[in-house]
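Derivation of every value follows stated rules applied to the coordinates shown; laboratory data play no part. Source: prediction; values computed, not measured. Backbone-built Cβ (ideal geometry, glycine too); neighbour counts: all protein chains shown.
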Amino acid sequence: MTTLDTSITENSYVLRHDWTLEEIETLLEKPLFELLWAAQKVHRVANPGYQVQLASLLSVKTGGCEEDCAYCPQSIHNSSDVTGQPLLDVKSVVESAKAAKEAGADRFCMGWAWREIRDGADFEAMLEMVRGVRSLGMEACVTAGMLTYDQATQLAKAGLTAYNHNLDTSPSNYGNIISTRTYQERLETLQKVRSAGISICCGGIIGLGETVADRVSLLQVLANLDPHPESVPLNALVAVEGTPLENSESVDPLEMVRMVATARIIMPKSRVRLSAGREQLGKEAQILCLLAGADSIFYGDSLLTTSNPALESDRELLSQAGVQVNWDDYENYSKKTSS
Ligand code: SAM
Ligand code: DTB
Ligand code: SF4
C-alpha cells in the first residue's frame with residue numbers, strides 16, 4: 001500500500017509535508033464520489049464535532065494599490081480601480097466588527113489595498129483596530145501586503161490572530177498574473193508572520209486561466225508548508241470589469257468542490273474557507289463544498305469590493321446543509337433586541 005492509500009483509506013489522517021505532485025493530482029482527479037468520501041473521512045476524524053466558522057470582511061483601505069494583480073479591481077494598473085475611498089477610521093471599523101459579531105461572525109478580517117505596510121499613523125490605526133476587534137472577543141485577521149518582521153511583532157503584540165497573504169496560483173503561473181512582486185517575496189512575508197507567532201491564512205484562486213497542473217502545484221506548495229497554514233481560503237475568480245481577467249470563462253462549480261476536498265485531505269486540520277465567488281457557485285455546489293470539508297465562509301453582504309450572498313440567504317443555506325455553526329452571539333443579540 002502506498003503512503004497515499006494509507007493516508008486516506010484508514011479511519012485516521014496524517015499530517016504530511018512531503019506531498020508529491022502525482023499524489024495530489026491523483027486526489028484532485030479522482031472520481032468525484034470517491035474524492036468526497038475520502039475528504040469526509042479525513043475531516044470527521046481530524047476535526048470531530050467541527051463547526052463552520054463565519055468570518056466577516058471589511059475593506060479599510062480600498063483601491064489605489066500599486067501592485068498589478070490581474071484579477072484585482074483595486075489595482076491602479078486596472079481600469080476598474082476603485083479610487084477616492086478614504087481610509088476608514090478606528091471607531092467605524094470596530095463598530096462594523098461589533099455588528100458582524102451580532103450577526104453571528106466569530107472572525108473579522110480587515111483589508112488594506114497596499115503593496116506593503118509602512119510605519120506611521122495608518123499602521124498605528126491598524127494596531128488599534130486589531131486591539132478593538134480582539135476586545136470584542138472575536139478573532140482578528142489582517143491582509144495588507146508585505147511587512148517587516150518588526151511590524152509583524154507589533155501586530156502579534158496587538159493580539160492579531162492571523163495574517164492573510166495568498167499565494168494565489170502555482171509558482172510557474174504567478175508571472176502571468178502578477179509582475180510587480182515574486183512568489184519568493186510572498187513566501188518570505190509568510191515566514192515573517194509565522195516567526196512573529198501569528199497564524200497564517202494563505203490560499204489561492206481558481207478561474208485565472210490556470211491548468212490542472214497549476215492547481216496541483218499551488219496545493220503542493222500550501223501543503224508542504226510546515227506547519228500547514230492554519231487557514232486556507234479558496235476563492236473562485238470574481239471577474240470584474242476593467243481587469244485583464246474580466247472575460248475569463250467562469251469556473252465549473254465542481255472544480256471548486258474538488259479543490260476543497262483535496263485541500264481537506266492534504267491539510268486535514270486547517271480551516272478551509274470557501275471564499276470569493278460563492279454567488280456564482282449556486283446553492284447545491286456550496287453545499288457540496290461544505291460536505292467536502294469547507295469549514296468556513298465569508299459572511300456579510302460584501303467581500304472587499306464585490307458582493308457576497310445576503311446574510312439571510314446564508315443563514316438559510318447553512319440551516320439547509322445542516323452544519324453546526326456557533327450562533328450564540330446572534331441568538332443573544334436577537335433576544336435582546338426583540339424583548
Ligand atoms: N493587498 C493585499 C494582498 O494582496 O495580500 C490584501 C488584499 S487582496 C484583495 C486579498 C486576496 O483577495 C488576494 O490575494 C486574492 O487571492 C483575493 N482576490 C482579490 N480579488 C479577487 C477576485 N476578483 N476574485 C477572487 N479573489 C480575489
Ligand atoms: C481571501 O482569500 N479572499 C478574501 C480575503 N481573503 C481577504 C478577499 C476576496 C476579495 C474578492 C474581490 C473583492 O471583493 O474585491
Ligand atoms: Fe493590491 Fe492585493 Fe489587489 Fe494585488 S490583490 S492589487 S496587492 S489589493
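Leaving out same-chain residues fewer than 8 places away, which lysines sit with a Cα under 18 Å from that of Lys101? Straight-distance partners of Lys101: Lys91, Lys335, Lys336. The residues packed around Ala55, meaning those with a beta-carbon under 10 Å from its beta-carbon, carry a net charge of +1 if Lys and Arg are +1 and Asp and Glu are -1. Taking amide H as placed 1.01 Å from N in the peptide plane, the amide H of Leu57 sits under 5 Å from that of Cys109, Tyr299, each at least 5 places away or on another chain.
Between His77, His228, His43, the Gaussian network model of the chain with springs among Cα atoms under 10 angstrom shows the greatest mean-square fluctuation at His77. Rounded to whole numbers, the Karplus 3J(HN,Hα) couplings from phi for region 225-235 are 5, 10, x, 4, x, 5, 9, 10, x, 10, 10 Hz, using 6.51 cos²θ - 1.76 cosθ + 1.60 with θ = phi - 60°, and x at Gly and Pro. By the rule of a second cysteine Cβ within less than 4.7 angstrom, the chain holds isolated cysteines at Cys65, Cys201, Cys202, Cys289.
With Kirkwood's inverse mean 1/r over C-alpha pairs for Rh, give me the Rg to Rh ratio of the chain, two decimals please.
Working: Rg = 19.1 Å, Rh = 20.3 Å.
Radius of gyration relative to Kirkwood radius: 0.94.
Per-residue 3J(HN,Hα) values for region 272-280, derived from phi via the Karplus relation 6.51 cos²θ - 1.76 cosθ + 1.60 with θ = phi - 60°, read 9, 9, 7, 9, 5, x, 5, 4, 7 Hz in sequence order (x marks Gly and Pro). Under a Gaussian network description of the chain, with springs only between Cα atoms under 10 Å, the residue in Ile297, Ile206, Ile117 that fluctuates furthest is Ile117.
Quick check on the exposure proxy: order Cys201, Cys69 from fewest to most C-beta atoms within 10 angstrom. Could you put the intermediate results ahead of the total?
On the way: Cys201 28, Cys69 23.
Lowest to highest Cβ neighbour count: Cys69, Cys201.
By DSSP, the beta bridges lying fully in region 19-338 are antiparallel in about 5 percent of cases.
Residue-wise HN-Hα couplings along region 86-97, as the Karplus relation 6.51 cos²θ - 1.76 cosθ + 1.60 with θ = phi - 60° gives them from phi, are x, 5, 6, 8, 4, 4, 5, 5, 5, 5, 5, 5 Hz; Gly and Pro carry x. List the GluC sites (Glu not before Pro) within region 219-289 that fall in a DSSP loop (any state other than H, G, I, E or B) and whose Cβ has at most 13 other Cβ atoms within 10 Å. Of the GluC sites (Glu not before Pro), the ones in loops of region 219-289 whose Cβ has at most 13 other Cβ atoms within 10 Å are Glu241, Glu249. For Ile287, Ile76, Ile24, Ile205, the sequence from fewest to most other C-beta atoms within 10 Å is Ile76, Ile287, Ile24, Ile205. Averaging Cα coordinates gives a centre for region 79-125 and one for region 265-290; these two points are 25 Å apart. Across all directions, the average flat footprint of the convex hull enclosing the Cα atoms of region 123-180 is 4.8 nm². With semi-axes defined as the square roots of five times the eigenvalues of the C-alpha gyration tensor, the equivalent ellipsoid of region 233-339 measures 26, 19, 11 Å, largest first.
When each of Asp168, Asp106 is scored by the number of other beta-carbon atoms lying within 10 Å, the sequence from fewest to most is Asp106, Asp168.
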